[in-house]
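S.K.: After the structure tokens below, expect a handful of questions from me.
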Ligand code: ADP
């Protein structure tokens, strides 16, 4: 006789209560490594969103009036709780979306840093006084929270994307309704449990999981929601921008990217290779700042390829929950199909497979979406991989002759999120970084997601910045007050 495994069921969190969704339905959350059903999550709809909006409007009345210090104290407690619960959060992240557990622990640490940073920044919201032209005038500029905010987040960093949005919003005095990705509602639930324990008052944060289009529409068509903050694809971002335009809602959009990674002949090649390993194959290539085009100067191409191939072949592919795994599965069948189609298209158009290039069977994980870490050389601009995001562990290598040529090629995209360059030439690093049309540039560095720096893109990669010295600004309005005395 087999005993059925009990699967945890996650409800909605609205106005400080965990409730069943109006539909009464739950959907399966499936492991991309094993295919097993991990949890069941509430299938929320428009009615649930309506309740969440009411709760967030009512909570805004008191949360926005608390002092920055009071809000900061609660957020600091949340930061501590996140660190104390690192293991549970990391396991949930890794199970739901497949990343190696060590990377998941890193994500928890990074996510908590955002909470801490914004807790601190919330105490330091400054206004200005301005001299008037008349002696009897007093002019002031003050900052106020924008109001109730809708946050829509993706699955690739299921915790970090939540804290990058919720912590500045809360520190600034806004209330929030979160719709996380349908692949990773469990991480959101675990975070909300900690937020509740930290003492975030009821209604200040609300969680509605479920159907993206219906929930998104209900949030965007309601005038009481004053801002939308979104991370996800450019396609969905454009749709949300259109909807937000009807009510001129404030927007922050962190969208897709197609990052160039330029290796000049004077670069430290070992450093460049280890950085490719930490960025291209990190999170199985499923990050918006993942290098998508590796431009290697012609004279060093063969040496670079040899070194990279040796490093790539050292990666262990498998279930992310195993400590020794360096590359987990792709998140879904659709994701895996896209990776396969990019490689096939490139090979058909003349690319050379240096290594990898196939689906991979992992023992005890027959249902998993695994793909071998891959390098393609002789890639050109006609191949889909050169202009579409792959979101998989495939490094396409292009070559170039000189600086002007590579800068032009690097900028020849609708995206403008992150770009990287490896060189020891100081003057070149200044010239090239100033010419690259990107929101972020790494010089001999690929770690751009640091709380101290503004994260965000230009062109079709979005607008607004998360983190950095002005990270709260996206959630604050400027009010001008002119007084005659
Ligand atoms: P990805 O392709 O990486 O999954 P998406 O842009 O599709 O990126 O998803 C990012 C987030 O946007 C997820 O939370 C998803 O549920 C949500 N989303 C997708 N479609 C819509 C939509 N039509 N309206 C609102 N949210 C959406």
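Where a number appears in this text, it was derived from the coordinates with a stated rule and is not lab data. Nothing here was measured: the structure is a model prediction, and the numbers come from that model. Counting neighbours? That spans all protein chains shown, and the Cβs are built from the backbone with ideal geometry, glycine included.
S.K.: For residue 485 and residue 182, calculate 0.36 nm times their separation in residues minus their Cα-Cα distance, and state this gained length in nm to one decimal. It would help to have the intermediate numbers written out before the result.
M.R.: Values: separation 303, 0.36 × 303 = 109.08 nm, distance 5.59 nm.
Full-extension gain reported as 103.5 nm.
S.K.: So, one more: At 222 nm, what helix-only mean residue ellipticity would the chain give, in deg cm²/dmol to the nearest 500, using -39500 (n - 2.57) for each DSSP H run of four or more? Spell out each step's value before the answer.
M.R.: Details: 13 runs with 174 residues, N = 485.
Calculated from helices alone, the mean residue ellipticity at 222 nm is -11500 deg cm²/dmol.
S.K.: Kirkwood Rh, Cα Rg: Rg to Rh for segment 254-307? Before the final figure, lay out each step's value.
M.R.: On the way: Rg = 11.6 Å, Rh = 11.7 Å.
My calculation of the ratio gives 1.00.
S.K.: Taking Cα atoms, how many degrees apart are the long axis of helix 185-198 and the longest axis of the chain, rounded to 10 and kept between 0 and 90?
M.R.: 40
S.K.: Relative to the longest principal axis of the C-alpha atoms of the chain, give the angle of the C-alpha long axis of helix 86-97, reported between 0 and 90° and rounded to the nearest 10°.
M.R.: Once rounded, one gets 60 degrees.
S.K.: Let me ask something else. Calculate, axis by axis, the spread of Cα positions in segment 251-353 along the three principal axes, and write the results as whole Å, longest axis first.
M.R.: Taking max minus min along each principal axis of the Cα atoms, segment 251-353 gives 38, 37, 36 Å.
S.K.: Under the rule a/c < 1.5 gives rounded, and otherwise a/b versus b/c splits prolate from oblate, where does segment 42-110 land using the Cα gyration tensor?
M.R.: Values: a/c = 4.12, a/b = 1.37, b/c = 3.01.
Oblate is the answer for segment 42-110, as a/c is 1.5 or above yet b/c matches or exceeds a/b.
S.K.: Still on this structure: Which number comes out as Rg/Rh for segment 259-443 once both Rg and the Kirkwood Rh are worked out on C-alpha atoms?
M.R.: Details: Rg = 15.9 Å, Rh = 16.6 Å.
Dividing the radius of gyration by the Kirkwood radius yields 0.96.
S.K.: Residue 17 versus residue 334, label points 7 Å from Cα toward the beta carbon: distance in nm?
M.R.: About 3.4 nm, to one decimal.
S.K.: Would you list 276, 484 from fewest to most Cβ contacts within 10 Å?
M.R.: 484, 276
S.K.: What's the extension gain from residue 265 to residue 86 if we count 0.36 nm per residue and subtract their Cα-Cα distance? Mind showing how you got there, number by number?
M.R.: Numbers: separation 179, 0.36 × 179 = 64.44 nm, distance 4.15 nm.
Answer, rounded to one decimal: 60.3 nm.
S.K.: Hey, what angle do you get for helix 101-121 against the long axis of the chain, alpha-carbon based, 0 to 90 degrees rounded to 10?
M.R.: Approximately 40 degrees, to the nearest 10.
S.K.: In whole Å, what is the distance between the alpha-carbon centres of segment 103-138 and segment 406-481?
M.R.: 20
S.K.: Could you list 164, 71 in order of exposure, starting from the residue whose Cβ has the fewest other Cβ atoms within 10 Å?
M.R.: The order, fewest Cβ neighbours first, is 71, 164.
S.K.: A further question on this structure: For the pair residue 358 and residue 65, how long in nm is the line joining their label points, each one 7 Å along Cα→Cβ?
M.R.: Spacing of the two 7 Å Cα→Cβ label points: 6.8 nm.
S.K.: Can you tell me how segment 1-153 classifies by the Cα gyration tensor, rounded, prolate or oblate, using a/c under 1.5 as the rounded cut? Working shown, then result.
M.R.: Numbers: a/c = 3.28, a/b = 1.88, b/c = 1.75.
It is prolate, given that a/c is not under 1.5 and a/b is the larger ratio.
S.K.: If you wrap a convex hull around the Cα atoms of segment 1-87, how much volume per residue is inside, in Å³?
M.R.: Values: hull volume 13.2 nm³, N = 87.
In segment 1-87, the Cα convex hull volume per residue is 152 Å³.
S.K.: Neighbouring Cβ atoms within 10 Å as the yardstick, rank 295, 126 fewest first. If you can, show how the numbers build up before the last one.
M.R.: Working: 295 23, 126 7.
Neighbour counts put them in this order, fewest first: 126, 295.
S.K.: Then there's this: Give me P(r) over the chain, computed from all C-alpha to C-alpha distances, binned every 10 Å, as integer percentages.
M.R.: Going from the shortest bin to the longest, the percentages are 4, 19, 28, 25, 15, 6, 1, 0, 0.
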